[in-house]
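Visitor: This is the structure I want to talk about, given as structure tokens.
The values are calculated or read from the model by the stated rules, or taken from the named source; none is laboratory data. As the structure is a computational prediction, the values presented were derived from the model and not from experiment. Cβ placement follows ideal geometry from the backbone for every residue including glycine, while neighbour counts extend to all protein chains displayed.
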Amino acid sequence: MNFKNIKTYFLIFAITCSKSLFAQPDDLLSIVEKKGDHPKEYVNNAFKSSRVIMGHSIEFIGKGVLDVRILHRFGLISQYQSARNLFGLDQASMRLGFDYGLTKGLTIGIGRSTFNKEFDGFIKYRLVQQSRGAKGTSPVSVVLVTGATYNDMPWEFPSRTNFLTSRMAFYNELIIGRKFSEGFSAQITPTHVHINLVNDSTFKNDVFALGVGARLKLSKRVAFVVDYQYLLKQNGEDATNIQFKDNTNALSMGFDIETGGHVFQLHFSNSKGMNEREFITNTTGTWGKGEVSFGFNLSRVFTVGKKKPSTPKI
């Protein structure tokens, strides 16, 4: 082999090695990216609606989205057992609501209930969203809700001046929830309700409750949901007679059914009221006595603003 051939082989070897050396950092970088930091991923769809059944959930409807909600509650099954009344279906009350997403984590809403002729409104803000990833994680979502109600029934206090504020009540909630898996989510909701004017001097203006909500996925489009409001004792006193006679804890159970752009809920509840003031402080039905009502919630969303690309979801 002559010197010229040796130079040729050496040149080919050098070029090959240089390509391998320059390619190595890229290969190493790809390995680091696979095994290293992942971008933050936000956890969504813990609940399929912004409400569990009656109470707020940790979910939001999104920026520029209008959620039209129709809540329907029929009469007590125990009170209207005859077929003539269709087992309570003839005695119905409802709430019509409009919720709008100002941002991905800020929602406002208004509503009107036929039960006690009440108007209501709320502001819902997400403080923390459950997430995972090496760049910062949060095991739970934290949501703050504040709202007010206005009772438009005929004035029942002849000896008192009919002030606007006398008909109002306010509530504040802190919702802490987590999506534990694709099939199960749960949350707790410490709640404070303040009623400006109570029916009797023995009743309290301020009521405290602890809400519990959960969702168990049964199939791709069906899930079992439960919504419970436990009235907390105040100064050691029994909390089951805080505002109205025979006040009880509100318990609702039912099923979420997804149908395209709708979320349809079928449920049973011992509460006739469908805003926080009513179902927390004015629930009188008892499940053990059959004092429950059948009802449904229908949610239909409409995109009002321009939809922007969202962050990664899981």
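Visitor: Would you please name the residue that is farthest from T165 (Cα to Cα), looking only at residues in the stretch 184-219 that are in contact with a Lys or Arg (Cβ under 8 Å, 6 or more places away or on another chain) and among the aliphatic types (A, V, I, L, M)?
Guide: Quick first cut of the stretch 184-219, residues in contact with a Lys or Arg (Cβ under 8 Å, 6 or more places away or on another chain) only: 184-187, 193, 195-198, 215.
Okay, now just the ones that are also among the aliphatic types (A, V, I, L, M), so 186, 193, 195, 197-198.
Working: A186: 35, V193: 15, I195: 10, L197: 8, V198: 12 Å.
Among those that are in contact with a Lys or Arg (Cβ under 8 Å, 6 or more places away or on another chain) and among the aliphatic types (A, V, I, L, M), it is A186.
Visitor: Follow-up. Name the residue that is farthest from I58 (Cα to Cα), counting only residues in the stretch 114-157 that are among the hydroxyl-bearing types (S, T, Y) and in contact with a helix residue (DSSP H, G or I) (Cβ under 7 Å, 6 or more places away or on another chain). Show your work before the answer.
Guide: First, the residues of the stretch 114-157 that are among the hydroxyl-bearing types (S, T, Y): 114, 125, 131, 137-138, 141, 146, 149-150.
Checking the rest, the ones that are also in contact with a helix residue (DSSP H, G or I) (Cβ under 7 Å, 6 or more places away or on another chain) come to 149-150.
On the way: T149: 21, Y150: 25 Å.
So the residue we want is Y150.
Conditions (1) of a type outside the set (F, W, Y); (2) under 28 Å from K233 (Cβ atoms); (3) more than 17 Å from the chain's Cα centre (by Cα); (4) surrounded by fewer than 16 Cβ atoms within 10 Å (Cβ to Cβ), marked per residue:
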residue: I123; (1), (2), (3), (4): yes, no, no, yes
residue: V143; (1), (2), (3), (4): yes, yes, no, no
residue: A148; (1), (2), (3), (4): yes, yes, yes, no
residue: S159; (1), (2), (3), (4): yes, no, yes, yes
residue: N162; (1), (2), (3), (4): yes, no, yes, yes
residue: M168; (1), (2), (3), (4): yes, yes, yes, no
residue: K179; (1), (2), (3), (4): yes, no, no, no
residue: E182; (1), (2), (3), (4): yes, no, no, yes
residue: F203; (1), (2), (3), (4): no, yes, yes, no
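Visitor: Also: Which pairs do you get when a residue that is surrounded by 10 or more Cβ atoms within 10 Å (Cβ to Cβ) and at pLDDT 75 or above, found in the stretch 32-49, comes within reach of a residue that is of a type in the set (A, V, I, L, M) and not in a loop (DSSP other than H, G, I, E, B), reach meaning Cβ atoms under 8 angstrom, with the pair 6+ apart or on two chains?
Guide: Pairs found: F47/V225; K48/A223; K48/V263; S49/V263.
Visitor: So, one more: Looking only at residues that are small (G, A, S) and at pLDDT below 75 in the stretch 238-282, which one is farthest from M168 (Cα to Cα)? So that I can check it myself, show each step before the final result.
Guide: From the stretch 238-282, those small (G, A, S) are 239, 250, 252, 254, 260-261, 269, 271, 273; that's our starting set.
Subsequent filtering for residues that are at pLDDT below 75 retains 239, 260-261.
Details: A239: 21, G260: 38, G261: 34 Å.
Out of the qualifying residues, it is G260.
Visitor: Tell me which residues, restricted to the stretch 125-141, are surrounded by fewer than 17 Cβ atoms within 10 Å (Cβ to Cβ) and either in contact with a Leu (Cβ under 6 Å, 6 or more places away or on another chain) or not β-branched (V, I, T) (or both).
Guide: Selection gives Y125, L127, R132, G133, A134, K135, G136, S138, P139.
Visitor: I would also like to ask the following. Can you find, within the stretch 148-180, the residue that is farthest from F208 (Cα to Cα) among those that are basic (K, R) and at pLDDT 95 or above? Give the steps one after another, and end with the answer.
Guide: Let us first name the residues in the stretch 148-180 that are basic (K, R), namely 160, 167, 178-179.
Now narrow it down to the ones that are at pLDDT 95 or above: 178-179.
Working: R178: 23, K179: 26 Å.
Among those residues, the one meeting the criterion is K179.
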